[in-house]
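The values are calculated or read from the model by the stated rules, or taken from the named source; none is laboratory data. Keep in mind that what you see is a predicted model, and the values were worked out from it rather than measured. Virtual Cβ from ideal backbone geometry, glycine too; neighbours counted across all protein chains shown.
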Amino acid sequence: MKAPAFAYAKARSLAEAFELIERPGARILAGGQSLIPSLNMRLAAPELLVDITGLKDLRSIDLRPGGLRIGALATHAEIEKSDQVAKYAPLLAQAAPHIAHPAIRNRGTLGGSLALADPAAEYPACAVALNATIVLAHRRGERRVPASKFFKALFETDIRPGEIVAGAEFPKVERSVFLELTRRHGDYAIVGLAGVADASGRRIAYFGVGATPVFAENASRAVSLNTALEVLGRDLQPAADLYHSSATKLHLAKVLLSRAWNTLSKPH
Amino acid sequence: MEHAVETTLTVNGVQVTRRIAPRVHLVDFLRDELGLTGSHIGCEHGVCGACTVRVNGEIVRGCLMLAVQADGCKVETIEGLSDSKELERLQRAFHEHNALQCGFCTPGMLLAAQDLVRSGAKPTRDEIRAHISGNYCRCTGYQAIVDAIEETINGKG
């Protein structure tokens with residue numbers, strides 16, 4: 001199908017972007033790999049698309065004291081290939097190849113994925129597992145929101161009117177593991193796991209099991225795999241989808257937990 | 001509400017300037033406005049890969065990019081890459097391996113495959129399959145396509 005009619009403006013600066021997104025019916029266009037399909041399927045009907053892809057300041061990947069800061073406009077392909085991401089936030093480098101296909105990864109962005117908050121998306125769960133901070137830019141400065149408070153409901157985030165996702169900061173961790181079950185490579189996840197571990201313990205988040213990424217608090221704290229498997233049902237109550245019952249999804253989540261456990265545990 | 005936006009882009013080495021309605025995606029523009037009908041439209045929501053074109057050297061879904069977003073970009077399509085002979089070896093291998101039947105997916109498949117060929121990688125068959133996983137072929141069963149790409153890269157079929 002074809003997209004409905006809308007106006008288009010390409011922001012030349014962040015200041016101009018703030019002004020444009022305040023117009024009635026405005027929506028931000030970044031990589032467009034989720035927004036344009038939803039336009040083509042007429043699931044969205046914005047009056048104005050504000051293209052922010054020209055804002056080069058939002059594209060950089062830099063090491064900061066708090067961790068690796070990745071600009072909102074960094075593409076999945078850039079994250080997949082970045083040496084700094086591989087070194088300081090390897091979880092994201094492990095996750096990126098699972099996102100759709102190469103041609104889509106060349107345009108889709110980190111900020112777009114976080115802002116859309118698709119419950120089956122990879123980066124939101126990584127952000128939760130890594131205790132990332134989402135950086136939101138607005139006219140008067142920046143607001144920083146921990147990932148645990150950013151994803152509020154199905155496709156709903158803490159982004160307020162007038163704010164643009166500028167990027168996210170990912171603290172360095174010692175170990176990470178990313179696992180995803182799909183029917184075919186690049187499909188939406190049936191169940192996925194993003195897990196990290198360091199001296200402070202494990203942090204395991206799941207995606208594709210609820211309206212938002214789910215932090216598996218009990219399983220993360222468990223002292224052994226057996227206990228973790230027992231308590232995972234308290235962390236996750238996955239809704240059934242067209243092909244998988246809730247029980248199947250919980251079973252698959254346990255399978256992923258078993259596969260991830262050794263990597264997330266201290267060497268003997 | 002909708003105002004056409006003056007857009008200048010280079011398509012297969014030729015600079016074109018048009019006023020384009022924002023809702024028009026890149027492949028509709030290439031096909032309807034420029035008559036370059038080699039890039040196909042399948043699903044129009046990013047699943048099938050038939051619309052794969054190259055923008056600034058990287059393959060993209062032509063249906064998931066607005067034509068106005070291509071302002072200032074260098075766009076290459078199956079027509080340009082065939083004429084320049086860049087795809088010659090892949091095209092010959094596809095022919096010899098019978099890696100197409102109806103041919104609908106072939107332009108997009110060749111662009112995705114060429115992306116791998118020119119990366120300089122030495123992929124395994126599994127890696128070749130992963131790279132073309134976003135390009136659907138409903139005729140061949142993919143075996144012959146993987147054979148053709150493997151032969152082009154590794155010199156064996």
Note: among B:23, B:31, just one is in contact with a Phe, Trp or Tyr (Cβ under 7 Å, 6 or more places away or on another chain) and within 14 Å of chain A (Cβ to nearest Cβ), namely B:23
Of B:46, B:38, the only residue that is of a type in the set (Gly, Ala, Ser), farther than 21 Å from residue B:81 by Cα and not assigned by TED's automatic domain parsing to the domain that holds residue B:106 is B:46
Note on region B:41-76: residues part of a loop (DSSP other than H, G, I, E, B) and touching a Gly at 6+ places or on another chain (Cβ under 7 Å) are B:48, B:49, B:50, B:51, B:65
query: Can residue A:120 be described as more than 14 Å from every other protein chain (Cβ to nearest Cβ), touching a Gly at 6+ places or on another chain (Cβ under 9 Å), under 28 Å from residue B:134 (Cα atoms) and surrounded by fewer than 21 Cβ atoms within 10 Å (Cβ to Cβ)?
result: yes
Flagged in region A:67-88 as in contact with a strand residue (DSSP E or B) (Cβ under 9 Å, 6 or more places away or on another chain) and under 25 Å from residue B:54 (Cα atoms), in numbering order, are A:71, A:72, A:73, A:74, A:75, A:76, A:77, A:78, A:79, A:82
Of the listed residues (B:66, B:26), the one being within 14 Å of the chain's Cα centre (by Cα), aliphatic (A, V, I, L, M) and not assigned by TED's automatic domain parsing to the domain that holds residue B:134 is B:26
Of those in region A:43-74 that are in contact (Cβ under 8 Å) with a residue 24 or more places away in the chain and within 11 Å of chain B (Cβ to nearest Cβ), the residue farthest from residue A:104 (Cα to Cα) is A:47
Residues of region A:1-27 being within 14 Å of chain B (Cβ to nearest Cβ) and assigned to a loop (DSSP other than H, G, I, E, B), in sequence order, are A:1, A:2, A:3, A:4, A:5, A:6, A:11, A:12, A:23, A:24, A:25
In region A:89-107, residues that are at the interface with another protein chain (Cβ under 9 Å from one of its Cβ atoms), in contact (Cβ under 8 Å) with a residue 40 or more places away in the chain, in contact with a strand residue (DSSP E or B) (Cβ under 7 Å, 6 or more places away or on another chain) and part of a loop (DSSP other than H, G, I, E, B) total 1
With criteria (1) in contact with a Gly (Cβ under 8 Å, 6 or more places away or on another chain); (2) of a type in the set (Val, Ile, Thr); (3) surrounded by fewer than 20 Cβ atoms within 10 Å (Cβ to Cβ), residue A:204 comes up short on (3)
Open item on the list: Take residue A:135 and tell me if it is in the same structural domain as residue A:65 (by TED's automatic domain parsing), touching a Gly at 6+ places or on another chain (Cβ under 7 Å), at pLDDT 95 or above and surrounded by 15 or more Cβ atoms within 10 Å (Cβ to Cβ).
Closed with: yes
Over region A:108-162, the set of residues in contact with a strand residue (DSSP E or B) (Cβ under 7 Å, 6 or more places away or on another chain), charged (D, E, K, R) and assigned to a strand (DSSP E or B) is A:142, A:143, A:144
In the set B:73, B:63, B:48, the lone residue that is surrounded by 23 or more Cβ atoms within 10 Å (Cβ to Cβ) and within 13 Å of chain A (Cβ to nearest Cβ) is B:63
Picked from region A:75-88 (must be touching a Lys or Arg at 6+ places or on another chain (Cβ under 7 Å) and surrounded by fewer than 23 Cβ atoms within 10 Å (Cβ to Cβ)), the residue farthest from the other protein chains (Cβ to nearest Cβ) is A:88
Counting only residues in region B:130-155 that are more than 14 Å from chain A (Cβ to nearest Cβ) and part of a loop (DSSP other than H, G, I, E, B), the one farthest from the chain's Cα centre (by Cα) is identified as B:155
Residues in region B:131-157 that are touching a His at 6+ places or on another chain (Cβ under 6 Å) and either surrounded by fewer than 21 Cβ atoms within 10 Å (Cβ to Cβ) or farther than 14 Å from residue B:50 by Cα (or both) total 4
- Could you say whether any residue in region A:33-42 is modelled with pLDDT of 95 or more, part of a loop (DSSP other than H, G, I, E, B), of a type in the set (Gly, Ala, Ser) and surrounded by fewer than 20 Cβ atoms within 10 Å (Cβ to Cβ)? no
By residue number, the members of region B:86-129 that are farther than 23 Å from residue B:58 by Cβ, free of Cβ contacts under 8 Å to residues at least 12 places away in the same chain and in a helix (DSSP H, G or I) are B:92, B:95
Every listed condition ((1) within 14 Å of chain A (Cβ to nearest Cβ); (2) surrounded by 17 or more Cβ atoms within 10 Å (Cβ to Cβ)) holds for residue B:94 save (1)
